[in-house]
Amino acid sequence: MSIELEFCDICNESVPAPDLIEGRAHRRGGRLVCATCERSMGVQVSTSSLPPEASAGTTAVETPSESPVNTAAPDVTPVTPARSGGAGWLALIALVMAVALGVSLSSRLELLEGESGKGLKAVQRDLQTGSQDQRIALARLDKVLNTQLEGLVAQLQTQRELDQAALLQMTEQISVLRERAAGIAATLDGFRAQFIQLSAEQNAQQAREGTALAALGERMRAQEDQLIAVEGTLRALSLAPIPVVGGGSGGSSAPVWAEVLGDLSSDNPGLRLDAVYSLGSSQDTTVIPHLIPMVQDSDVFVRMAACRTLSDLDARIAVPDLIEALNDPATVVREAAVVALRRITKRGMRFDPLGSPADRTQRVAKWLQWWQKEGQAFLGES
């Protein structure tokens, strides 16, 4: 069986529960007094041994207090000091001081308990107030966070819709671009095929033109050789003496070349060609008017021979006809005409007998322009 212990409010010694049950310890004014303090407080003090001040009655002692708390002092039974003298006085004074000290300590404890209770209540109140403020702050924070979260969700939803619309638009644009790219690729393929075909045709045309030019060159060289041979024959014939028909003592004043003038209108191109060379070999400038019409003869050899003969005779009056001969369809005639013009006029204007028709037309226009401006002055020079 356990024994419950309490403590004396005067001496602070332990007070067993049996002492309270058996009456050896008592509770006085809510304070526990042990058996020892109870016996000490019950000692009789002899009045004869007390000093004069103590014989007047019970001694009243004011206990010091730090607060205005009125605490009833425990009942003290007057005791009569024994005849032991000074020892009794000392015991009584010690007992009174112990009682006063206990009362003071008890009051102080009650004051501290009250202040502690108030402080605890204040702390609890502050904690409650702080908890409430925290709850309010947390509620506000939760509301703000919810608002921001809702805003973010709305923004994300809006952005998602915009992104989806942009993605759809980009997809459509990509499809259109793909279709255009396919069309462009097909067009490029067509252009490439046409280019290849044109390149092949151009190469073939160049090959044909090269072959034709080579054949033309060979033909021209052959014709020139023939002309040279014919010219040699004609010159040899022109140097032979011409018999005079019906000659007499009177003689004829007509020049020798006058007999071949009729051959210039012959239907035989050979006779016309012989007549041109015969007139040219005479070195007589009076034959020039008879040779100028031969530049327009129907035979290419006659036209070429006429241009060369006029060049040998330095026939200035034949320049317009020689310029017109630059448009001749035969290359050999055009070449003979430009050689004659450069020799007669001493002008080095460009003209390519093998050039394109457009280029030849442009060069002929330059010759005509020069003749219109300076032709009369050129004829006046001697």
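The values are calculated or read from the model by the stated rules, or taken from the named source; none is laboratory data. From a predicted model like this one, the values you see are computed outputs, not experimental measurements. Methodologically, a virtual Cβ is constructed for each residue, glycine included, from the backbone with ideal geometry; neighbour enumeration extends over all protein chains shown.
General observations
- Filter pass, residue 138 being outside the structural domain of residue 12 (by TED's automatic domain parsing), surrounded by 10 or more Cβ atoms within 10 Å (Cβ to Cβ) and in a helix (DSSP H, G or I): yes
- Candidates 161, 110, filtered to the one that is within 30 Å of residue 10 (Cβ to Cβ) and in a helix (DSSP H, G or I): 110
- When 212, 182, 166 are screened for being part of a helix (DSSP H, G or I) and at pLDDT below 85, only 212 passes.
- Within the range 317-366, tally of residues that are among the acidic types (Asp, Glu) and either surrounded by fewer than 15 Cβ atoms within 10 Å (Cβ to Cβ) or in contact with a Pro (Cβ under 8 Å, 6 or more places away or on another chain) (or both): 3
- Restricting attention to the range 339-360, the residues that are in contact (Cβ under 8 Å) with a residue 24 or more places away in the chain and in a helix (DSSP H, G or I) total 7.
- Residue ID - modelled with the highest pLDDT, chosen from residues in the range 11-56 that are in contact with a strand residue (DSSP E or B) (Cβ under 6 Å, 6 or more places away or on another chain) and assigned to a loop (DSSP other than H, G, I, E, B): 34
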